[in-house]
Amino acid sequence: MPAQRDYYEVLGVEKTADAEEIKRAYRRLAMKYHPDRNPGDAEAEARFKEAAAAYEVLADVQTRQLYDQYGHEGLHSRGAAATHDFSRMDINDIFSMFGDIFGAGVGGGGGRSGRRGPARGYDLETEVTITLDDVLKGCERDVEFTRLDICDKCTGTGAKPGSKPVQCPTCGGQGRVQQSGLGGMFRMVTNCPACGGRGQVIREFCEGCRGKGRVSRKRKLTVNIPAGIREGQAVRVQGEGEPPPPEASPAGEGIRGDLHVAVRVKGHDFFHRDGDNLLLEMPISFTQAALGADLEIPTLDGAAKLTIPKGTQFGSAFRVSGKGLPNLRNGRRGDLVVGVKVEIPRRLSAKQEKLLRDFAETEDKSVLPESTGFWKKMADLLGG
Ligand SMILES: [Zn+2]
Ligand SMILES: [Zn+2]
């Protein structure tokens, strides 16, 4: 049996991720690997199932706790049957479960009846990875994603061209049926089970979409990523999501959802980001620290000069104003904060050692541990 991958790793989240992040990560993977979007792709199916299994465990507070404590073992010993099997979820169900946060439900969720206004399709999410240079200047990125689109052959009806969907005999075209409960004590109106609420049924299926009215299609777009964007923020591309599902919009009318392009920012060899500021750890020699120096430092705009004073201490930081990243809103650039890391030589030539020994002779003894009372204080502390 192959080793089971860590569930956090599967979802690509930190162990400290909150419920929201876990949900988001799962949704992204589920959308990407769902079998409906990757017909015949065994690898995608395996990834989809793996993500579903991970989500099933991490979405539940109790099973997550067990998993955190005992790993996969903890789950086996629990012996409980799975409560939900996410791997059987229909792609539209995955959307609906996130309707609350991802906007599918906000503007009148796709296909939900009883709402005012035109039907709206589901939002999609995709991801791009950019560099700090891209954050500095802003950039364009091509994104490719798969979405359900209206089938050209049947224009979304699902019926074989030349044939037409016919009125649903079960609900008489209403899309809804009444059911009575408790021996006729009350009546309940529900979506018609025969036509799924469409009010029409298809006698001859369209071959292009097998009657679904929607087909999975690749789409390529160029997206503008504004300067100053942060990790995890998303660029919304209006109207590039999916059309409303067929039951809400048999003829493909209504509003498309949006595409959310989530941005990841790649780590940099030199710079760490801190909001709009950049942090740089700059190694300097101990003589530069002691004597002061004109340093050449890297910035995102190329090399720059930084003068450090005599007697610079380990960990001192210097601010180079305006060499950080632009603010997303006002474009004003943050600072570059240069922290110095004083390096002590690991090897000395005979000449250097001689010079240093001579130097040590001249050292002001008042700063050495013996004379500052450091050892006495420590002895008192340990003794007392
Ligand atoms: Zn079709
Ligand atoms: Zn019906």
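Remarks
- Fewest-first ranking of Arg141, Arg203, using other Cβ atoms within 10 Å as the exposure measure: Arg203, Arg141
- In summary, the aspartates and glutamates within cross-link reach of Lys153, defined as a Cα separation below 12 angstrom excluding same-chain residues under 8 places away, comprise Glu207.
- Within the straight-line cut-off of under 30 Å between alpha carbons, the lysines reachable from Lys137 are Lys32, Lys218, Lys220, Lys266, Lys305, Lys323, Lys341, sequence neighbours fewer than 8 places apart in one chain being disregarded.
- Rg and Dmax, both from the Cα atoms of region 271-381 and both in Å, are 19.2, 58.
- Contact order normalised by residue count of region 271-381, Cα under 8 Å, 6+ apart, percent: 26 percent
- Residues Arg187, Arg176, sorted so that the one with the fewest Cβ neighbours within 10 Å comes first: Arg187, Arg176
- Between region 250-319 and region 186-220, the alpha-carbon center distance in angstrom: 53 Å
Each reported figure results from applying straightforward, stated rules to the coordinates on display, with no laboratory input. This is a predicted model, so every value here is computed, not measured. Backbone-built Cβ (ideal geometry, glycine too); neighbour counts: all protein chains shown.
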